[in-house]
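The values are calculated or read from the model by the stated rules, or taken from the named source; none is laboratory data. Please read all numbers here as calculations on a predicted model, not as lab measurements. For neighbour counting, all protein chains shown are included, and Cβ atoms are generated from backbone atoms with ideal geometry for every residue, glycine included.
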Amino acid sequence: MKIIEPKLTENALKITQKRYLRTDMEGNVIETPGQMLARVAQHLAKAEINWGMNGIVEKTAEQFYERMINFKFVVAGKAMFEAGNPGGTGQLSSCFVLPVEDNIHSIFKTLGDAAVIHKNNGGTGFNFSKIRPRGDKVKNVPKAASGPVDFLSAYSAALSKILQGSKRQGANIGILNCDHPDITDFVTLKDEDGTIKNFNISVGVTNEFMEAVEQDKTWELINPRNGETVKKIKARKLFDLIVEHAWATGDPGLAFLDRMQEDNPTPALGVINCTNPCGEIPLLPYESCNLCSIVLSNHLVKDKQGNYEIDWDDLEKTIKTGVRLLDDMIEVNAYALPEIEAMVKNGNRRIGLGVMGFAHLLYKLNIPYDSEESVRLSERLSKFIRRKAEEMSLQLGKERGVFPNWDRSVYAGSAERYRNCALTMIAPTGTISMLANCSSGIEPVFSLVTLRKTFFEDDKTNRPTEELMMIDPVFEEFLASKIKSKVERKRILEQVAAQNSLEEVDALTKKEKRLFVTTHQIEPEWHVKIQAAWQKYFDNSVSKTVNFPYKATVEDVKNAYFLAWKLGCKGITIYRDGSKQDQVLNVGTHSDKLKTENAQVTAMDVLVAEDNNQDVVVGQIEMIAFESIPAKPQGEVCPECGAIVTKSEGCGTCHECGWSQCKL
């Protein structure tokens with residue numbers, strides 16, 4: 001295989017060196033990005049020998065490599081580091097769900113299993129709803145039960161001691177269903193600042209509950225041990241508590257249990273009531289999923305008039321190659337637990353083919369994110385991707401056989417003999433979107449221009465001493481084509497950085513300003529509509545953050561939750577800017593914001609968020625918004641490169657070198 005070096009931005013190269021490239025025992029990088037992608041392609045293609053003749057492995061590896069080197073798709077960061085790496089664990093999956101039953105043996109067996117997964121750099125999801133409530137009897141001893149919240153806290157404390165790559169904690173999600181007697185304690189779990197930093201939390205809600213909220217009905221809280229009603233409360237009162245806490249802190253989110261179960265391809269094996277930490281994959285116990293994301297913005301061609309249009313043939317090629325790659329990944333994967341191998345490789349063979357670069361695609365197609373045209377395109381793309389993925393899974397089913405649990409699935413006895421039980425999802429895409437230099441997932445661009453502090457060795461305190469301007473690549477390309485003068489372009493960029501808006505830029509038309517809309521200029525309802533449009537045809541789930549401005553009300557959040565339910569989303573995560581002390585994109589205190597309307601920020605840090613958290617804008621590699629604040633952000637200094645570390649959810653992350661660390 002001929003090695004080709006991909007074109008990487010400076011930040012993408014730093015991330016690649018820090019996250020994905022092989023190193024020797026002294027930590028020195030010993031491969032190039034091109035060699036890394038070749039390593040991944042060749043390792044995944046090894047599976048082809050099971051079904052092909054001589055030469056099929058190399059041929060398939062070259063097909064995988066061509067798609068990766070041109071950034072048509074990018075595999076999940078974990079797979080990029082682990083695949084074919086003799087210094088890795090061999091675990092290529094990022095996300096797992098483990099069962100929690102109502103007995104001490106199960107509770108602590110699951111904790112032990114989770115520890116093994118975290119040691120191998122995975123994240124875990126748990127639904128604690130089967131655990132009897134706090135104060136319930138145990139073996140006829142009254143008031144002896146600890147309850148699910150205490151056990152979640154125990155999980156958090158134990159798993160926080162496992163640092164992945166010696167740098168960061170693994171991610172978790174804890175779900176409790178809305179009819180559990182301890183639901184109020186669960187909703188208020190994070191009221192004490194600094195607790196449970198390595199867990200996202202979501203409330204599992206049913207259609208019955210949401211209807212009870214609408215109609216202001218009484219809601220029964222039921223003891224899972226015996227099915228008896230413990231207490232009756234107003235459904236609306238509980239829902240208001242959930243919404244108020246989400247407004248204040250970003251937690252909890254909602255998991256729509258009936259909608260998740262509706263797409264369960266193997267209901268005979270169990271009920272789906274939990275997701276991976278980022279929410280894009282609802283899974284049965286012991287299921288995991290391998291991920292790969294299509295770079296939508298790299299599937300465009302220009303027509304005769306010089307306008308961009310989607311290259312549907314090229315997109316089809318990427319989709320089908322991606323499905324093949326992910327099915328091969330299942331074969332060469334290392335499984336931390338025999339139960340996981342039985343459920344994944346020898347069971348459902350679930351895969352997750354997703355997308356990123358959606359906001360950049362819209363920019364290039366001259367479609368505003370917050371528009372009906374954007375919603376229609378989302379539906380068209382998701383339907384096309386799902387259909388072509390199904391075609392490829394059917395082809396693989398003929399060549400390799402159906403997924404082993406096919407005869408226990410909803411497809412049993414039909415002509416739909418798929419190789420995989422489910423195919424498509426949308427992940428946050430974290431650092432891999434920075435690698436591909438595209439917008440993350442289906443999120444809008446966060447900010448068009450950012451001034452970033454940089455570290456130089458002449459400062460004795462290892463503090464940044466200069467500023468560099470970071471510009472959204474698509475906006476930069478557009479501006480260069482429109483404004484020929486470098487001096488004028490620089491003036492415009494400085495103006496945009498100062499005002500976080502294009503409104504005062506006289507050189508742009510109203511239509512152009514309308515096109516280059518960013519996160520906080522988009523009404524929350526459009527965030528939800530876009531999520532629902534993609535979810536309409538995707539069979540796994542969609543990870544998406546519905547962003548709210550600081551001034552948003554509790555009622556605004558409530559409306560978004562109801563809209564997500566009514567439009568068929570499988571879950572919703574919201575974040576109101578500034579509602580957490582340690583947020584992903586931290587621009588200062590809102591008390592300062594409220595005092596000063598037009599103050600200018602001179603510098604900001606860019607955060608590289610990991611693909612391991614659900615709440616806020618986690619997983620995004622986006623530009624930091626310049627808001628009206630007089631104070632400059634402060635932070636710790638990265639111990640590896642000296643740049644400023646940005647904090648979020650108890651984790652500190654360095655955007656310069658990718659170092660991160662989480663602690664309670």
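Among the residues of the range 542-553, is any among the aliphatic types (A, V, I, L, M) and either touching a Lys or Arg at 6+ places or on another chain (Cβ under 6 Å) or outside any strand (DSSP E or B) (or both)? For the range 542-553, residues among the aliphatic types (A, V, I, L, M) and either touching a Lys or Arg at 6+ places or on another chain (Cβ under 6 Å) or outside any strand (DSSP E or B) (or both): present. Within the range 64-119, the set of residues being polar (S, T, N, Q) and outside any loop (DSSP other than H, G, I, E, B) comprises SER106, THR110. Pairs are defined by a Cβ separation below 9 Å, a sequence spacing of at least 6 or placement on different chains, a first member in the range 477-503 that is on the phi > 0 side of the Ramachandran plot and in contact (Cβ under 8 Å) with a residue 60 or more places away in the chain, and a second member that is surrounded by 12 or more Cβ atoms within 10 Å (Cβ to Cβ) and among the small types (Gly, Ala, Ser); the pairs so defined are ASN500/SER447; ASN500/ALA625; ASN500/SER628. Only one of the numbered conditions (1) without any contact (Cβ under 8 Å) to a residue 24 or more places away in the chain; (2) more than 23 Å from the chain's Cα centre (by Cα); (3) surrounded by 17 or more Cβ atoms within 10 Å (Cβ to Cβ); (4) more than 29 Å from ASP407 (Cβ to Cβ) is not met by LEU377, and that is (2).
From the list LEU269, LEU257, pick out the single residue that is more than 24 Å from the chain's Cα centre (by Cα) and not basic (Lys, Arg).
The unique qualifying residue is LEU269.
Listed by position, the strands (runs of 3 or more DSSP E) contained in the range 232-343 that have at least 2 residues being in contact with a Phe, Trp or Tyr (Cβ under 7 Å, 6 or more places away or on another chain) are 253-256, 288-295, 300-302. Taking the range 250-293 as the range and being among the aliphatic types (A, V, I, L, M) and surrounded by fewer than 24 Cβ atoms within 10 Å (Cβ to Cβ) as the test, the residues that pass are MET260, ALA268, LEU269, VAL271, LEU284.
Out of everything in the range 217-227 that is under 18 Å from THR184 (Cα atoms) and assigned to a loop (DSSP other than H, G, I, E, B), what residue ends up being nearest to the chain's Cα centre (by Cα)?
Per the stated criteria, the residue is PRO224.
Filtering the range 448-469 for residues that are more than 18 Å from GLU503 (Cβ to Cβ), within 26 Å of the chain's Cα centre (by Cα) and modelled with pLDDT of 80 or more leaves an empty set. Exactly one residue out of ILE117, ILE131, ILE104 is of a type in the set (Val, Ile, Thr) and touching a Ser or Thr at 6+ places or on another chain (Cβ under 7 Å), and it is ILE117.
Within this structure, GLU192 fails the test of being within 23 Å of LYS566 (Cα to Cα), surrounded by fewer than 19 Cβ atoms within 10 Å (Cβ to Cβ) and acidic (Asp, Glu).
When LEU37 is tested against (1) assigned to a helix (DSSP H, G or I); (2) exposed (fewer than 15 other Cβ atoms within 10 Å of the Cβ), exactly one condition is not met: (2). Looking only at the range 171-186, residues that are farther than 16 Å from ALA154 by Cβ and not in a strand (DSSP E or B) come to 7 in all. Selection of first residues in the range 133-147 that are farther than 14 Å from ASN223 by Cα and of second residues that are modelled with pLDDT of 90 or more and among the basic types (Lys, Arg), restricted to Cβ pairs under 8 Å at least 6 apart or on distinct chains, gives the following pairs, ordered by first then second residue: ALA144/LYS137.
Considering LYS109, LYS119, the condition of being basic (Lys, Arg), without any contact (Cβ under 8 Å) to a residue 24 or more places away in the chain and under 30 Å from ASN273 (Cβ atoms) is satisfied by LYS109 alone.
Of all residues in the range 15-65, those satisfying the criterion of being in contact (Cβ under 8 Å) with a residue 40 or more places away in the chain, touching a helix residue (DSSP H, G or I) at 6+ places or on another chain (Cβ under 7 Å) and over 24 Å from GLY87 (Cβ atoms) are GLU48, ASN50, TRP51, THR60, GLN63. Somewhere in the range 280-300, is a residue touching a helix residue (DSSP H, G or I) at 6+ places or on another chain (Cβ under 9 Å) and without any contact (Cβ under 8 Å) to a residue 12 or more places away in the chain? Checking the range 280-300: not a single residue is touching a helix residue (DSSP H, G or I) at 6+ places or on another chain (Cβ under 9 Å) and without any contact (Cβ under 8 Å) to a residue 12 or more places away in the chain. Residues in the range 494-519 that are surrounded by fewer than 19 Cβ atoms within 10 Å (Cβ to Cβ) and part of a helix (DSSP H, G or I): GLU494, GLN495, ALA498, GLN499, LYS510, LYS511, GLU512, LYS513, ARG514. So which residues in the range 187-213 are in a strand (DSSP E or B) and either at pLDDT 95 or above or hydrophobic (A, V, I, L, M, F, W, C) (or both), if there are any at all? PHE199, ILE201, SER202, VAL203, GLY204, VAL205, listed by residue number. Against the numbered list (1) modelled with pLDDT of 95 or more; (2) farther than 17 Å from VAL517 by Cα, ALA359 comes up short only at (2). Is it the case, given these coordinates, that GLY77 is without any contact (Cβ under 8 Å) to a residue 60 or more places away in the chain and not β-branched (Val, Ile, Thr)? Here the answer is no, as GLY77 does not meet what is asked. Looking only at the range 388-419, residues that are among the basic types (Lys, Arg), under 17 Å from ALA47 (Cα atoms) and part of a helix (DSSP H, G or I) come to 2 in all. Checking each residue of the range 361-370 against the condition of being in a helix (DSSP H, G or I), within 21 Å of the chain's Cα centre (by Cα) and under 28 Å from THR573 (Cβ atoms) gives at least one match. Considering only residues in the range 113-151 that are on the phi > 0 side of the Ramachandran plot and among the small types (Gly, Ala, Ser), the one that is surrounded by the fewest Cβ atoms within 10 Å (Cβ to Cβ) turns out to be GLY135.
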